[in-house]
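Inspection log for the structure reproduced underneath, given as structure tokens.
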Amino acid sequence: MKKLILLLFVSSFAIAQSNTEVYLYKLTNTNGTYKVTTGKNISNNDGYDSQPHFYSKKSIVFSSTRNGQTDIAKYNIKSGKIKFLSNTPNGGEYSPQRIPKSKHVSAVRLDKDGLQRFYKYDEKTKESKELIANLKVAYPMWYKKNTAIVVTIVDKDLDLIIHKFKSKKNTTIQKKVGRSLHKIPNTELVSYISKAKENWEVRSLHPKTKETKLIINTVGKKEDICWLPNGVLLLANGNELLKFNPKTDTTWSVFHKFSESKHKNISRIIVNKTGTLLALVSE
């Protein structure tokens, strides 16, 4: 039962949508208005491909299935080539991200025996090292080099926790949260999904003061969000991307609508720092 609970949070998405792909689209910015233009499938692989993260201007890392296991893939945007940064026969890697001020990558590793931990992977040697002991990290986000905002499995819930690497201190911010964590552009804030109420919320967190504030309710219990560089929030909703500007808007509106034949159910979304590229995951 314990193993089942662990699998439920990290891998239920993979099980429910076993054939997902990572797509990369170009964004144009005309007088502060962003639009989605051309795009392509960059994973192009049978099985689970998800959780894209912009490693640099030149590459993206994501989780990708190969040989019956989930490893860290690194995609070169210019060449279109993929190389793998991990090879874990007894488990799989999820939520890969670049560690600040280094070339190394972090990921959640879920072993076949149910052990779930947060690891560092050397970019060259692929050797791994546990980063946080005794925490069942499900969804991490690096705030700074020595601070991570993580969603962890506690009993049967997901808790939002601030982890300090130097002091090894964990501060619980809220229980019953979602998987989407992002820095809010041009602020010291982080956004997260609160599931504490019937209507899910997008909330902000100030990691220093620990203060949280409501930004807006999500739509139909959707939880995959990201931010444009101009501070506009995007939400994946079926075959649409919705937008909300906290400074000017009172409700969601359509940012871009894809044909259902192209994207039936969009999940993970992320925009690069310059706002020129959008990565998304869909069935």
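Can you pull the percent of the chain's accessible area that's carbon plus sulfur, 1.4 Å probe, other chains left in place? Carbon with sulfur: 49 percent of the solvent-accessible area. Cross-link partners for residue 208 among the lysines, with Cα-Cα distance under 20 Å and sequence neighbours closer than 8 places in the same chain left out: 144, 145, 164, 166, 168, 169, 175, 183. Averaging 1/r across all pairs of distinct Cα atoms in the chain and inverting the result yields a Kirkwood radius of 19.0 Å. For the listed peptides 32-44, 82-94, 105-117, a ranking on the average number of other beta carbons within 10 Å per residue, highest first, reads 105-117, 82-94, 32-44. Any aspartates and glutamates with Cα under 13 Å of the residue 40 Cα? List them, leaving off those in the same chain fewer than 8 positions away. Straight-line reach from residue 40, under 13 Å: 21. Pairs of Lys residues in the range 224-283 that lie 8 or more places apart, or on two chains, and have C-alpha atoms under 25 angstrom apart add up to 7.
Could you tell me which of rounded, prolate or oblate describes the range 94-170, using a ≥ b ≥ c as the square roots of the eigenvalues of the alpha-carbon gyration tensor, with rounded for a/c under 1.5 and, failing that, prolate when a/b is larger than b/c and oblate otherwise? Verdict is oblate for the range 94-170.
Packing here is the average count of other Cβ atoms within 10 Å per residue, and on that basis the peptides 62-68, 232-238, highest first, run 232-238, 62-68. Excluding same-chain neighbours fewer than eight residues apart, the lysines reachable from residue 126 by a Cα-Cα span under 17 Å are 74, 83, 103.
Cα centroid separation, the range 69-107 to the range 26-40: 27 Å.
The values are calculated or read from the model by the stated rules, or taken from the named source; none is laboratory data. None of the values given here were measured: they were computed from a predicted structure. Don't worry about glycine lacking a Cβ; one is built from the backbone with ideal geometry, like all the others, and counts go over all protein chains shown. For the accessible areas, the whole protein counts, side chains as well, though only heavy atoms, and no ligand, DNA or RNA atoms are used. Shrake-Rupley method; radii C 1.70, N 1.55, O 1.52, S 1.80 Å.
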